[in-house]
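**Q** Would you mind keeping the following structure in view while I ask a few things?
The values are calculated or read from the model by the stated rules, or taken from the named source; none is laboratory data. Just so we're clear, the structure is a prediction, and the values are computed from it rather than from any experiment. A quick note on method: Cβ atoms are made from the backbone with ideal geometry, for glycine too, and the neighbour counts reach across all protein chains shown. Note: areas computed on protein heavy atoms with side chains; ligands, DNA, RNA excluded. Shrake-Rupley method; radii C 1.70, N 1.55, O 1.52, S 1.80 Å.
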Amino acid sequence: MKIIKRVLFGLVLVVGLAVLGFVIWAETPLGPAPEALAALESDSNVTVTIGDAITFEPVNIKPVTGFIFYPGGHVDYRSYAVPLREIAAQGYLVVLLPVKLNLAFFDVNAGDPVFAVHPEIQQWVVGGHSLGGVASALFAKDHLDTVDGIVFWAS
């Protein structure tokens, strides 16, 4: 009986350390490049709003199409600021989502609040990079009445 207790304690300890190691790994992705951080600043073409998500909105156009973007696995979501800002500059509302543990499949429904925040948007497209693309597909599957398209980036 004593041996079984020790083995069980050892297993619980190993699993606990593995979970702790995973959480530490997931919460410490490589940070965004300086260009990405610079793209988080508003200018005369794109307004950038940082809150529960990062929103890029064209300045001189009222967008009717919105794009919800899920980041790739173990990637700091701000790293996508440069290309998403360029999409916004073309006349689209773009919402960049932070996700739990920097892994979008743990936060598939992160895009849910975006619809209510932007009732002016008539068409919605979702997408993502790598694992974010997988999460965006799962999100789209559950929102067929709202999502009009999907974009995969190396997914």
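**Q** Against the globular-protein guess of 2.2 N^0.38 Å, express the Cα radius of gyration of the range 109-155 as a ratio, rounded to two decimals. Let's see the in-between values first.
**A** Numbers: Rg = 10.3 Å, N = 47, 2.2 N^0.38 = 9.5 Å.
Relative to the 2.2 N^0.38 Å estimate, the range 109-155 comes out at 1.09.
**Q** Could I ask something else about it? Comparing F67, F106, F139, which has the greatest mean-square fluctuation in the GNM of the chain with Cα pairs linked when under 10 Å apart?
**A** For the chain, modelled as a Gaussian network with Cα springs under 10 Å, the answer is F106.
**Q** What dipole magnitude, in Debye to the nearest 20, does the range 71-128 give about its Cα centre under +1 on Lys/Arg Cβ and -1 on Asp/Glu Cβ?
**A** Working: 3 positive and 5 negative charges, 23 e Å.
Dipole size: approximately 100 debye.
**Q** Give a residue-ordered list of calculated ³J(HN,Hα) values for the range 81-92 (Karplus: 6.51 cos²θ - 1.76 cosθ + 1.60, θ = phi - 60°; whole Hz; x for Gly, Pro).
**A** Along the range 81-92, the couplings run 4, 5, x, 5, 5, 5, 5, 4, 4, 8, x, 10 Hz.
**Q** Per residue, how big is the convex hull around the C-alpha atoms of the range 23-87? Give it to me in cubic angstrom, could you? Mind dumping the intermediate values first?
**A** On the way: hull volume 5.9 nm³, N = 65.
Per residue, the Cα convex hull of the range 23-87 comes to 91 Å³.
**Q** Given the options V46, V15, T65, identify the residue whose Cα lies farthest towards the positive end of the charge dipole of the range 3-70 (+1 on Cβ of Lys, Arg; -1 on Cβ of Asp, Glu).
**A** Comparing the listed Cα positions along the dipole, V15 ranks first.
**Q** So if I place +1 on the C-beta of Lys and Arg and -1 on the C-beta of Asp and Glu, and nothing else carries charge, what would the dipole magnitude of the chain be about its Cα centre? I want it in debye, nearest 20. Mind dumping the intermediate values first?
**A** On the way: 8 positive and 14 negative charges, 197 e Å.
Roughly 940 debye, rounded to the nearest 20.
**Q** Would you work out which of A116, P83, I24 lies farthest towards the positive end of the dipole of the chain? Charges go on Cβ: Lys and Arg +1, Asp and Glu -1.
**A** The residue sitting most towards the positive pole is I24.
**Q** Using the Karplus curve 6.51 cos²θ - 1.76 cosθ + 1.60 with θ = phi - 60°, work out ³J(HN,Hα) for each residue of the range 23-32 in order, rounded to whole Hz, and write x for Gly and Pro.
**A** 5, 4, 4, 5, 8, 10, x, 4, x, x
**Q** Test of the criteria: in the range 39-126, which GluC sites (Glu not before Pro) are in a DSSP loop and have at most 12 other Cβ atoms within 10 angstrom of their Cβ?
**A** Details: sites: E41, E86, E120; in loops: E41, E120.
Answer in residue order: E41, E120.
**Q** Can you give the convex hull volume of the alpha carbon atoms of the chain per residue, in Å³?
**A** Roughly 126 Å³ of hull volume per residue.
**Q** Next question, about the same structure. Pop out the ³J(HN,Hα) list for the range 128-137 in order, Karplus 6.51 cos²θ - 1.76 cosθ + 1.60 with θ = phi - 60°, rounded to Hz; leave Gly and Pro as x.
**A** Per-residue couplings from phi come out as x, 9, 6, 4, x, x, 4, 4, 5, 5 Hz.
**Q** Same structure again: Can you work out the accessible area per residue across the chain, with the rest of the protein chains kept in place, probe 1.4 Å, in square angstrom?
**A** Values: 8830 Å² over 155 residues.
Ligands and nucleic acids excluded, the result is 57 Å² per residue.
**Q** Something else: Which residue fluctuates the most in the chain, going by a Gaussian network model with Cα springs under 10 Å, if the choices are P119, P63, P71?
**A** Evaluated over the chain, the most mobile residue of the options is P119.
**Q** Please sort 12-21, 25-34, 45-54, 121-130 by packing, taking for each peptide the average over its residues of neighbouring beta carbons within 10 angstrom, highest first. Could you put the intermediate results ahead of the total?
**A** On the way: 12-21: 10.0, 25-34: 12.8, 45-54: 15.1, 121-130: 20.5.
Descending packing order for the listed peptides: 121-130, 45-54, 25-34, 12-21.
**Q** Out of all DSSP beta bridges in the chain, what portion is antiparallel? Express it as a percent rounded to 5.
**A** Working: 8 of 25 bridges.
Around 30 percent of the beta bridges assigned by DSSP in the chain are antiparallel ones.
**Q** How much mean residue ellipticity at 222 nm does the chain get from its helices, if each DSSP H run of length 4 or more adds -39500 (n - 2.57) and you divide by all residues, to the nearest 500 deg cm²/dmol? Walk me through the numbers on the way to the answer.
**A** Values: 5 runs with 56 residues, N = 155.
Helix-only estimate at 222 nm: -11000 deg cm²/dmol.
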